[in-house]
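K.L.:
This is the structure, below, for whatever I ask next.
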Amino acid sequence: MKIIAIIGSPHGEKGSTAKLTRLVLKGAEREGASTETIYLQGDSVLPCLGCDYCHKKGSCFQKDSFEEIRRSVLESDGLVLASPNYISNVSAQMKAFMDRCSGMVHCIGFQGKYGASVVTSGGGDEEPIADYMNHFMMITGIQSVGSVWATMRLVPGDEFPQDIATRAIDLGKRLVSASKNKEVFPEIRKKMDAFEQRMRTLMQYRKDEWPYEYEYWKKFKDLR
């Protein structure tokens, strides 16, 4: 079993977000999963150009790391998304990755995987950002098992308090357990079903403009 963590922090592996994410991955590894961490920094994933190329052709023409990262997620069993709180939202690095997943949203391309989200901040208000990342996962087909966050001004010293560390490790364990057991979360599944119907209608409406996605839906989702 493989868990991929994508960290959208300009501080990379040295930041608080990475540190908290490592605890989540530690929990996953304790349950037998292998893990990989991808750091989004600088020009590793460029902003979306809104050109519709991916909807027409199935991939992006920009020469950066996005397609490689996308393949890594497709080949994994679980995804951890991690971002600092930047003005009540995810970082620019994480948002660029999300925007570039437009084709995966339209095709619900990560369907069957499980996920979790990680947020850190200096002053608080992490939960809405965790919810936003969980929503993103839902519309790409990923069932999130939950989130963990930390307000760094409340963290004394260099180590996370035991309660936060325990929640992070348990979240990683929960992620692996849900994936192994193919759990279904009824509330998430209900939202997924509604979103799938929305995308089904969109594909019928844009079938001439977005030939790759229309053919994908015909082949894998029985669109008629």
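The values are calculated or read from the model by the stated rules, or taken from the named source; none is laboratory data. Computed from a prediction, not measured in an experiment: that's the story for all the values here. Cβ atoms come from the backbone with ideal geometry, glycine included; neighbour counts cover every protein chain shown.
K.L.:
Looking only at the stretch 46-75, count how many residues are free of Cβ contacts under 8 Å to residues at least 60 places away in the same chain, on the phi < 0 side of the Ramachandran plot and not hydrophobic (A, V, I, L, M, F, W, C).
P.N.:
Residues flagged as free of Cβ contacts under 8 Å to residues at least 60 places away in the same chain, on the phi < 0 side of the Ramachandran plot and not hydrophobic (A, V, I, L, M, F, W, C) within the stretch 46-75 amount to 11.
K.L.:
Out of everything in the stretch 189-220 that is without any contact (Cβ under 8 Å) to a residue 40 or more places away in the chain and surrounded by 14 or more Cβ atoms within 10 Å (Cβ to Cβ), what residue ends up being farthest from residue 107 (Cα to Cα)?
P.N.:
Among those residues, the one meeting the criterion is 207.
K.L.:
Related question: Mind telling me which of the residues 48, 54 ends up being over 17 Å from the mean Cα position of the chain (by Cα) and under 23 Å from residue 196 (Cβ atoms)?
P.N.:
Numbers: 48 fails: over 17 Å from the mean Cα position of the chain (by Cα).
One residue alone meets the criteria, 54.
K.L.:
Go through the stretch 169-213 and give me each residue that's at negative phi and assigned to a loop (DSSP other than H, G, I, E, B). Even if it seems obvious, please write down each step before you answer.
P.N.:
Of the stretch 169-213, the ones at negative phi are 169-181, 183-213.
Residues satisfying the conditions are 183, 184, 185, 206, 207, 208, 209, 210.
K.L.:
Let me ask you something else. Working only within the stretch 157-172, note down all residues that are under 18 Å from residue 3 (Cα atoms) and either over 17 Å from the mean Cα position of the chain (by Cα) or without any contact (Cβ under 8 Å) to a residue 12 or more places away in the chain (or both). I'd like the intermediate steps shown before the answer.
P.N.:
Taking the stretch 157-172 as the starting set, the residues that turn out to be under 18 Å from residue 3 (Cα atoms) are 167-172.
Correct list: 167, 169, 170.
K.L.:
Working only within the stretch 100-159, note down all residues that are in a loop (DSSP other than H, G, I, E, B) and of a type in the set (Gly, Ala, Ser).
P.N.:
To start, the set of residues in the stretch 100-159 that are in a loop (DSSP other than H, G, I, E, B) comprises 101, 108-113, 122-126, 140-142, 155-159.
Across the stretch 100-159, the qualifying residues are 109, 112, 122, 123, 124, 141, 157.
K.L.:
Right, next: So, residue 57, is that one touching a Phe, Trp or Tyr at 6+ places or on another chain (Cβ under 8 Å) and closer than 23 Å to residue 210 by Cα or not?
P.N.:
yes
K.L.:
Turning to a different aspect of this structure: Being at negative phi, at pLDDT below 95 and surrounded by fewer than 22 Cβ atoms within 10 Å (Cβ to Cβ): is that true of residue 123 here? Step through it out loud before you land on a result.
P.N.:
Details: at negative phi: yes; at pLDDT below 95: yes; surrounded by fewer than 22 Cβ atoms within 10 Å (Cβ to Cβ): yes.
Answer is yes for this residue.
K.L.:
Follow-up. Under 8 Å between Cβ atoms, at least 6 apart or on separate chains: pull out the pairs that start in the stretch 90-103 with a residue that is within 16 Å of residue 129 (Cβ to Cβ) and acidic (Asp, Glu) and end on any residue that is assigned to a helix (DSSP H, G or I) and modelled with pLDDT under 95.
P.N.:
none
K.L.:
Filter the stretch 1-30 down to the residues that are in a strand (DSSP E or B) and not basic (Lys, Arg) and list them by number. Working first, answer last.
P.N.:
So in the stretch 1-30, the residues in a strand (DSSP E or B) come out as 2-7.
Those that are in a strand (DSSP E or B) and not basic (Lys, Arg): 3, 4, 5, 6, 7.
K.L.:
A follow-up question, please. Which members of the stretch 57-76 meet the condition of being in a loop (DSSP other than H, G, I, E, B) and either within 13 Å of the chain's Cα centre (by Cα) or among the small types (Gly, Ala, Ser) (or both)?
P.N.:
Applying the first criterion (in a loop (DSSP other than H, G, I, E, B)) to the stretch 57-76 yields 58-65, 75-76.
Of everything in the stretch 57-76, those that are in a loop (DSSP other than H, G, I, E, B) and either within 13 Å of the chain's Cα centre (by Cα) or among the small types (Gly, Ala, Ser) (or both) turn out to be 58, 59, 65, 76.
K.L.:
Only residues that are within 15 Å of residue 7 (Cα to Cα) and either touching a Lys or Arg at 6+ places or on another chain (Cβ under 9 Å) or among the aliphatic types (A, V, I, L, M) (or both): list them for the stretch 47-85, please.
P.N.:
Across the stretch 47-85, the qualifying residues are 66, 69, 70, 72, 73, 78, 79, 80, 81, 82, 83.
K.L.:
Could I ask something else about it? Considering only the stretch 187-224, state which residues are over 24 Å from residue 76 (Cβ atoms) and not charged (D, E, K, R).
P.N.:
Within the stretch 187-224, 194, 197, 201, 202, 203, 204, 205, 210, 211, 214, 223 meet the criteria.
K.L.:
Right, something else. Among residues belonging to the stretch 126-156 that are β-branched (Val, Ile, Thr) and under 15 Å from the mean Cα position of the chain (by Cα), point out the one that is surrounded by the fewest Cβ atoms within 10 Å (Cβ to Cβ). Before you say what the answer is, go through the steps one by one.
P.N.:
Within the stretch 126-156, the subset β-branched (Val, Ile, Thr) is 129, 139-140, 142, 145, 148, 151, 155.
Subsequent filtering for residues that are under 15 Å from the mean Cα position of the chain (by Cα) retains 129, 139-140, 142, 145, 148.
Working: 129: 25, 139: 20, 140: 24, 142: 26, 145: 23, 148: 28.
Ranking the qualifying residues of the stretch 126-156, first place goes to 139.
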